[in-house]
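A short write-up of the structure that comes next.
Read-outs throughout are calculated quantities, based only on the coordinates presented, and are distinct from any laboratory measurement. Remember, it's a predicted structure, so these values are computed and weren't measured experimentally. A quick note on method: Cβ atoms are made from the backbone with ideal geometry, for glycine too, and the neighbour counts reach across all protein chains shown.
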Amino acid sequence: MAAENAAGHGGQTAGEYILHHLTHWRNKELVGPFDLSVINIDSALFSIVLGIVGCFFLWKAARKATSGVPGRFQAAVELMVEMVDSQAKGIVHNAQSRKLVAPLALTVFVWIFLLNAMDLLPVDLIPYLWAWGYGAAGLDPHHAYMRSVPTADLSVTMGLSLGVLITCLVYNVKIKGVGGWAHELVTAPFGTSKNPVFALILGVLNFAMQMIEFVAKTVSHGMRLFGNMYAGELIFLLIALMGGAWSLSATGIGLAIGHIIAGSAWAIFHILIITLQAFVFMMLTLVYIGQAHDHH
């Protein structure tokens, strides 16, 4: 595995091993830190596939639902649906809006949970298989890059948060009307004044604060998920390096024991993290959409 190469056997240092695992399969190389022409193909591929998988299982649960005693799969889906629906009722008080918002929140939770769960696979498994296929096709396996955790890709998490922002803007217009929302943009949170000069100053300040709020919510929404999943991926890579170092040296039994204990403990703890991060992202989605229904 690549972890063995990282210990020096294949000429790959620990830093090179980590860098290789953190490099995306892209359509082209990045030019600068912000390049919209670059597509991380691996993140897009896994996101689409896991989205289809999530929709398939939800569709299957709905298709096979019975009114009698449910099976374990149906019971698990029903518990999840009830959980999301109860949270939606407590945050979004418009019953008509909940017909779309509640399924949206459920989709967000399931999709992000599946994306996060890719971090539980052995860190070398998919990159190793991809490198093997790359080599079998006559290409250089050392340039075969593949990352399997889409939520450890900032472009994915920011894309998700941007989708939530667009949904919030749509509901602002739908619930308050174009005129009502425009009035809110220049009157909240500091109010307005009957004096034209003060009204203009407060309007500019209110609009600036509203824009800052939208940007801050969107950036923090995406960065929170990305930061947690990226850190988790790094820890798994460091644990893999422990095992690779022991397998080459055949000494230092502490490395082997540490690799097993740390890997098992972090994987178990990471189950909580991937679930919690999916739940937090879903809850913030509901909160932001709920705020779009509130009049100031």
- Using θ = phi - 60° and the Karplus form 6.51 cos²θ - 1.76 cosθ + 1.60, what ³J(HN,Hα) does each residue of the stretch 169-184 get, whole Hz, x for Gly and Pro? 5, 4, 6, 4, 6, 5, 7, 9, x, 4, x, x, 6, 4, 5, 5
- Message: Give the aspartates and glutamates reachable from K64 as a straight Cα distance under 19 Å; neighbours fewer than 8 places away on the same chain don't count.
- Response: E78, E82
- For N40, distant residues with modelled amide H under 5 Å away: none
- Item | Nearby lysines by direct alpha-carbon distance to K99 (threshold 16 angstrom, same-chain neighbours under 8 apart not counted) | K89, K174
- the chain, helix-only ellipticity at 222 nm - DSSP H runs n ≥ 4, -39,500 (n - 2.57), divided by all residues, nearest 500: -26500 deg cm²/dmol
- Item | Within the stretch 147-194, trypsin sites (Lys or Arg not before Pro) in DSSP loop having at most 10 other beta-carbon neighbours inside 10 Å | K194
- Item | In the stretch 48-97, the trypsin sites (Lys or Arg not before Pro) that fall in loop regions by DSSP, at most 14 other Cβ within 10 Å | K64
- Task: Calculate, in nm to one decimal, what L45 and L238 gain on full extension: separation in residues at 0.36 nm each, minus their alpha carbon distance.
- Result: 66.9 nm
- Quick shape check on the chain: root eigenvalues a ≥ b ≥ c of the Cα gyration tensor, a/c under 1.5 is rounded, otherwise prolate if a/b tops b/c, else oblate, and it reads prolate
